[in-house]
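Here's the structure we're looking at; comments come further down.
The values are calculated or read from the model by the stated rules, or taken from the named source; none is laboratory data. Keep in mind that what you see is a predicted model, and the values were worked out from it rather than measured. No Cβ is skipped: glycine too gets one built from the backbone with ideal geometry, and neighbour counts run over all protein chains shown. The area values use the complete protein model at the heavy-atom level, side chains included, leaving out ligands, DNA and RNA. Shrake-Rupley method; radii C 1.70, N 1.55, O 1.52, S 1.80 Å.
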Amino acid sequence: MSGNEGSTAWFEGLPEVITRADSGSLVGRPPRGAERMAARGLLAAPAYRNRGKLVWHEAPALAWFRSLQEHAVIVSANARTMADLKEHGAYVCQLGSGAHVGLARPKMLVMYQRGGEGLVFGVDAVETVNQQIDGTRPASARTRAILCDGERLDTFGTPWTIFHLREAGRIANITPSIKQGRYLRLDDVLDALTTGQLTVPTQDEAFPSRM
């Protein structure tokens, strides 16, 4: 084997990497937003920094989405949310720059209802439709056939995340009011199931940056 061949073999044995820009494109977030989520533990942990920017090993970064993680989310319940819950036992979320909850792989989900009450669910599985990232299991034909405004989820290419739920309980009072999805600590939700009270912390309080 020549020296050049040996060098090539060594290079090919290195793990594939994802840059900050790659990560942002993959998850549909601005690169800096993806980096901030990772720093809070809400995406896979980066492998190292290169010139001040985070870099991930590809395999563990993608594998992170295939498992439920140690966090919860809270979302605002509306008529569409409740209809999906009744018909499909699921929360259906469009993934986009303003809907980062669609990236979550939570073990629990809370639905905030008008008046301050909350429904609490365990998450059995997460499926994705029209995304580059996986759910915790492949999207079933039944999931792909869920209708949104009369069209199947897989019709046009809009990215969706579907959380399959089982009822876990209720919370009597949640403050402040919730208008868009937020991440929560699991312990806060579990405590609220006992006390009946959930005060939703800021993201800095719940998930301070680790970097």
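Do any helices (runs of 4 or more DSSP H) entirely within the range 13-67 hold 2 or more residues that are at pLDDT below 90 and touching a Leu at 6+ places or on another chain (Cβ under 8 Å), and if so, which? Quick ask: steps written out before the conclusion?
Working: elements: 20-27, 31-39, 58-63.
Of the helices (runs of 4 or more DSSP H) lying wholly inside the range 13-67, those with at least 2 residues that are at pLDDT below 90 and touching a Leu at 6+ places or on another chain (Cβ under 8 Å) span 20-27, 31-39.
Residue pairs whose Cβ atoms lie under 6 Å apart, separated by 6 or more positions or on different chains, with the first residue in the range 155-172 and at pLDDT 95 or above and the second of a type in the set (D, E, K, R) and assigned to a strand (DSSP E or B), are ILE162/GLU127; HIS164/ASP124; ARG166/ASP124.
Of all residue pairs spaced 6 or more apart or on separate chains, those with beta-carbon atoms under 6 Å, a first member in the range 117-135 that is under 20 Å from ALA63 (Cβ atoms) and a second member that is in a strand (DSSP E or B) and open to solvent by less than 10 Å² (accessible area, probe 1.4 Å) are VAL123/PRO106; VAL123/LEU109; VAL123/PHE163; VAL126/PHE163; GLU127/ILE162; THR128/THR161; GLY135/VAL126; GLY135/GLU127.
Taken across the range 144-160, residues that are buried (at least 21 other Cβ atoms within 10 Å of the Cβ) and among the basic types (Lys, Arg) do not occur at all.
Of everything in the range 190-207 that's among the polar types (S, T, N, Q) and open to solvent by less than 80 Å² (accessible area, probe 1.4 Å), which residue is modelled with the highest pLDDT? Let's see the steps before the verdict.
Our first condition is that a residue be among the polar types (S, T, N, Q); within the range 190-207, this holds for 194-195, 197, 199, 202-203.
Subset that is open to solvent by less than 80 Å² (accessible area, probe 1.4 Å): 197, 202-203.
On the way: GLN197: 98, THR202: 92, GLN203: 91.
Filtering the range 190-207 for residues that are among the polar types (S, T, N, Q) and open to solvent by less than 80 Å² (accessible area, probe 1.4 Å), the one modelled with the highest pLDDT comes out as GLN197.
Take GLN131 and decide whether it is under 21 Å from ARG66 (Cα atoms) and either β-branched (Val, Ile, Thr) or out of contact with any His (no Cβ under 9 Å at 6 or more places or on another chain) (or both). Yes, satisfied.
Give the number of residues within the range 165-189 that are in a helix (DSSP H, G or I) and surrounded by fewer than 16 Cβ atoms within 10 Å (Cβ to Cβ). Step through it out loud before you land on a result.
In the first step, residues of the range 165-189 are kept if they are in a helix (DSSP H, G or I); the result is 186-189.
Pick out the ones that are also surrounded by fewer than 16 Cβ atoms within 10 Å (Cβ to Cβ) and you get 186-187.
Total meeting the criteria: 2.
Taking the range 43-101 as the search range and keeping residues that are of a type in the set (Lys, Arg) and under 14 Å from PHE163 (Cα atoms), which one is surrounded by the most Cβ atoms within 10 Å (Cβ to Cβ)? Looking at the filtered set, the residue picked out is ARG66.
Looking only at the range 155-206, which residues are among the small types (Gly, Ala, Ser) and out of contact with any helix residue (DSSP H, G or I) (no Cβ under 8 Å at 6 or more places or on another chain)? Step through it out loud before you land on a result.
Start the filter on the range 155-206 by keeping residues that are among the small types (Gly, Ala, Ser), which leaves 157, 168-169, 172, 177, 181, 192, 196, 206.
Scanning the range 155-206 gives GLY157, ALA172, SER177, ALA192, GLY196.
Tell me whether the range 118-129 contains one or more residues that are open to solvent by 10 Å² or more (accessible area, probe 1.4 Å), touching an Asp or Glu at 6+ places or on another chain (Cβ under 8 Å) and under 19 Å from MET37 (Cβ atoms). Yes: the range 118-129 contains one or more residues that are open to solvent by 10 Å² or more (accessible area, probe 1.4 Å), touching an Asp or Glu at 6+ places or on another chain (Cβ under 8 Å) and under 19 Å from MET37 (Cβ atoms).
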